[in-house]
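Coordinate-derived values only; no laboratory data. Values in this document were obtained by computation on a predicted structure and should not be read as measured data. As a convention, Cβ positions derive from the backbone with ideal geometry for all residues, glycine included, and neighbour counts pool all protein chains shown.
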Amino acid sequence: MSILSLIYAPAKVLEKKAVEVKKIDNDIKNLVNNMFDTMYENNGVGLAAPQVNESLQILVMDCSNKDISLDRKVLINPRIIKQSNDYKEYEEGCLSFPDHYFTVSRPESLNVSFIDIDGNNKEFFFNGFEAVCVQHEIDHLSGTLFTSYLSRLKRQIIIKKMQKFKKNINKSI
Ligand SMILES: [Zn+2]
């Protein structure tokens, strides 16, 4: 079990398009396991590879009540293939923005195609909280952060706060 270091915004790796995974080898499998460990350790429900400094199209998520059971999902090279016309607002958090929560409006449900950890092509339908989570994480893979849904002014304020936060972490190390 390895807990990876989280990348906090603002950071270049969070703002660029992640690279498609060509082959699911042991390095990828280890990365996925470490991403789950890192997500659970930080009480997250989803994590994208760029958030642990790997610019690869991989996301992990678990929207279950973890006290009862786990529901580990791994999506490699995910593509949104259909989205509902109905939108829903939800207050989202992000492990790259500790203690910041913003209301984002997204399609209520969607279909996503992806490759699973065994290399199989899959397609899933997501709705409810899982739809919010998977869209937030797919955004990460194209370098889109949830702050991009805010006004420019609000985004600038958040970036200033995050710069301060990162400075303070560096000082305490
Ligand atoms: Zn996030």
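A residue that is more than 16 Å from the ligand (Cβ to nearest atom), surrounded by fewer than 17 Cβ atoms within 10 Å (Cβ to Cβ) and either over 12 Å from the mean Cα position of the chain (by Cα) or closer than 25 Å to residue 148 by Cα (or both) occurs somewhere in the range 33-49.
Scanning the range 93-119 for residues that are assigned to a loop (DSSP other than H, G, I, E, B), away from the ligand (no atom under 16 Å from the Cβ) and touching a residue at least 60 places away in the same chain (Cβ under 8 Å) yields 117, 118, 119. Screening 23, 12 for residues that are away from the ligand (no atom under 13 Å from the Cβ), over 20 Å from residue 162 (Cα atoms) and surrounded by fewer than 14 Cβ atoms within 10 Å (Cβ to Cβ) leaves exactly one candidate, 23.
Restricting the range 58-92 to residues that are within 15 Å of the ligand (Cβ to nearest atom) and either part of a loop (DSSP other than H, G, I, E, B) or among the charged types (D, E, K, R) (or both), the residue that is nearest to residue 21 (Cα to Cα) is 62. Does residue 79 count as free of Cβ contacts under 8 Å to residues at least 40 places away in the same chain, crowded, with 17+ Cβ neighbours inside 10 Å and either within 22 Å of residue 150 (Cβ to Cβ) or among the basic types (Lys, Arg) (or both)? No; evaluated as a whole, the condition is false for this residue.
Looking across the range 140-173 at every residue that is crowded, with 19+ Cβ neighbours inside 10 Å, within 12 Å of the ligand (Cβ to nearest atom) and assigned to a helix (DSSP H, G or I), the one that is nearest to the chain's Cα centre (by Cα) is identified as 140.
Of a type in the set (S, T, N, Q) and more than 23 Å from residue 40 (Cα to Cα): is that true of residue 96 in this structure? Here the answer is no, as residue 96 does not meet what is asked. Checking each residue in the range 126-135 for being buried (at least 16 other Cβ atoms within 10 Å of the Cβ) and either under 12 Å from residue 51 (Cα atoms) or more than 12 Å from the ligand (Cβ to nearest atom) (or both) picks out 126, 130, 131. Taken over the range 78-112, the residue count meeting the criterion of being closer than 18 Å to residue 14 by Cβ and in contact with a strand residue (DSSP E or B) (Cβ under 8 Å, 6 or more places away or on another chain) is 6.
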